[in-house]
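So the structure is just underneath, and the comments pick up after that.
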Amino acid sequence: MYKRLFQWKDRKGAFMKGLFAAGLSLVVVLSGACIKNGVPVKNSAKGQQVAAGEGDGQDKQDVLSPEASKKQERAEDYYKKRYKKKKASSIVSLRGASKKQIRSMFYQEKISKAVFRRMYRKSYKKGCTVPKSELRYVRVLYYGFDKKTHIGELVVNRRISKDICSIFYQLYCKKYPIEKMVLVDEYGASDEKSMADNNTSSFNYRPVSGTARLSKHSYGLAVDVNPFYNPYLHTVGGKRVCEPAMARKYLNRSKSFAHKIDKKDICYKLFTKYGFSWGGNWRSVKDYQHFEKVLPR
Ligand SMILES: [Zn+2]
């Protein structure tokens, strides 16, 4: 009798264990269904934070359900619209923005009437031989000397505008400090004034300083980065000339100082990776701020 009772108890124990295991599997299956139905996905869409320090990579949010991805798109539109209204140099708060949203803030567009009004008779001088349709207005974000995120703007040639967006996105991710990035027209298209203010810029229809030859800046195919710390050294009538004039002390490139562009610099590495040449490598003159792309005509 006792023996039978024990046997029954054992069987009961086994039965209970089986029941418990079945229950557990049910819970697992149900929670799996919840994941498929989008609960964690929704959270990730809301909560992906700024991932500064990462390169141009694919976003994990590719797995969003069609409905969630529509929401995501709307969020990007909202961000872009809000950001578009702001003037270059403004500080932008990116709290809660996803990587995708941040990447969408590095974009290029045709020269609008409003932008052209700013350029006309300044960087876009009378008799400019480069058609407006060859140029693009680029908006980016940059990591300021104040460690804050700012809006930057450039006018560049349409053939390098995508490269420029990618380069400045990667510089931003690496927190590469840039002091200022507004159109040279804000300085009446005076290169000297723009450089003296350490302004990063590109298009300006002008000859190479001290010559009659058109500069690559005239086509929007050259960018000057942090020019005050990376001056331009050339000779005019046998005299050494530093531009900007006040940046003479940064001509000594054997010294180490902040914002110096050299071959170890991320800026140098990125621009050259995209096929640009660096003015610091030239022999007759040295233009440490200058990156240009030579393209087949
Ligand atoms: Zn230049």
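Some notes on this structure:
- Flag for N230 being at positive phi and either within 13 Å of the ligand (Cβ to nearest atom) or crowded, with 16+ Cβ neighbours inside 10 Å (or both): no
- Residue in the range 86-104 that is modelled with the highest pLDDT, counting only those that are in contact with a strand residue (DSSP E or B) (Cβ under 7 Å, 6 or more places away or on another chain), in a loop (DSSP other than H, G, I, E, B) and among the hydrophobic types (A, V, I, L, M, F, W, C): A88
- Across the range 252-283, the qualifying residues are those that are within 16 Å of the ligand (Cβ to nearest atom) and assigned to a helix (DSSP H, G or I), and the one among them that is nearest to T211 (Cα to Cα) is G279.
- Entry remark, the range 233-244: residues being within 16 Å of the ligand (Cβ to nearest atom) and in contact (Cβ under 8 Å) with a residue 40 or more places away in the chain number 4 in total.
- Close Cβ contacts (under 8 Å, 6 or more residues apart or on different chains) running from residues in the range 274-297 that are over 19 Å from F203 (Cα atoms) to residues that are at pLDDT below 95 and away from the ligand (no atom under 15 Å from the Cβ) comprise V285/T235.
- Test: residue in the range 213-227 that is surrounded by fewer than 18 Cβ atoms within 10 Å (Cβ to Cβ) and away from the ligand (no atom under 14 Å from the Cβ): no
- Qualifying residue in the range 234-244 (condition: closer than 17 Å to L135 by Cβ, out of contact with any Cys (no Cβ under 8 Å at 6 or more places or on another chain), surrounded by fewer than 20 Cβ atoms within 10 Å (Cβ to Cβ) and modelled with pLDDT under 95): no
- Residue check for M195: within 16 Å of the ligand (Cβ to nearest atom), touching a residue at least 12 places away in the same chain (Cβ under 8 Å) and closer than 16 Å to Y143 by Cα: no
- If the condition is being more than 11 Å from V223 (Cα to Cα), surrounded by 14 or more Cβ atoms within 10 Å (Cβ to Cβ) and polar (S, T, N, Q), then the range 264-293 contributes only T272.
- Residue that is modelled with the lowest pLDDT, among those in the range 284-297 that are more than 14 Å from the ligand (Cβ to nearest atom) and in contact with a strand residue (DSSP E or B) (Cβ under 9 Å, 6 or more places away or on another chain): L295
The values are calculated or read from the model by the stated rules, or taken from the named source; none is laboratory data. Since this is a predicted model, take the numbers as computed values, not measurements. A quick note on method: Cβ atoms are made from the backbone with ideal geometry, for glycine too, and the neighbour counts reach across all protein chains shown.
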